[in-house]
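Structure first, then comments.
The values are calculated or read from the model by the stated rules, or taken from the named source; none is laboratory data. Since the structure is predicted, the reported quantities are computational estimates derived from the model, not experimental observations. Here Cβ is always computed from backbone atoms with ideal geometry, including for glycine, and neighbour counts include all displayed protein chains.
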């Protein structure tokens, strides 16, 4: 890309920054774009270098930068839900058939301000929600009405499109041996009921920044 084109794209990015206003990121690194799109950074770099993802290189360096509107168009072209780009929030799916537990999670997570939350009460509903919502993290009750949590974990881990998802299992009836099986099935952590909600939310934050 020549200096003139670099300048034009940079100006477009600056103008777009003025339009989107405060609080919205206007230009993304390849790593940030990869996180938004839930793909590897190398995938983003390949798409950038092939021209499928518009952007510019920082003059005098090899760094690539992607304007917000270009990233949004790339997501639309490739069927990637734009939710995470639009809201800037990390997406949490709460799967539990206890309405009081669900209400507690939704209330605390939404008041935190960092998260967008959806819920499901069965393994079947969780499967649909996972496909449509593409959560960053799933808080999953072990004993669901139709299936156990380890089956849900195994199903998620078999799908490469879900490899970015973190899973926290919560249960009051699982013994130590079963905890090991859950971790082998793909859970990232286990929390025993009753739990300290503040500590659990802290753990959610840790997993999402790991």
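Structure notes:
- Residue that is surrounded by the most Cβ atoms within 10 Å (Cβ to Cβ), among those in the stretch 185-201 that are modelled with pLDDT under 85 and within 21 Å of residue 126 (Cα to Cα): 185
- Selection over the stretch 30-55 of residues that are closer than 20 Å to residue 76 by Cβ and more than 22 Å from the chain's Cα centre (by Cα) gives a count of 5.
- Count of residues meeting criterion [farther than 9 Å from residue 142 by Cβ and not in a loop (DSSP other than H, G, I, E, B)] in the stretch 170-196: 11
- In the stretch 43-62, residue modelled with the lowest pLDDT [restricted to those that are part of a loop (DSSP other than H, G, I, E, B) and closer than 15 Å to residue 28 by Cα]: 58
Each row is one residue, and each column tells you yes or no for (1) surrounded by 12 or more Cβ atoms within 10 Å (Cβ to Cβ); (2) more than 20 Å from residue 134 (Cβ to Cβ); (3) modelled with pLDDT under 80; (4) in contact with a strand residue (DSSP E or B) (Cβ under 7 Å, 6 or more places away or on another chain).
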site: 10; (1), (2), (3), (4): yes, yes, yes, yes
site: 24; (1), (2), (3), (4): yes, yes, yes, no
site: 38; (1), (2), (3), (4): yes, no, no, no
site: 41; (1), (2), (3), (4): yes, no, no, no
site: 72; (1), (2), (3), (4): yes, no, no, no
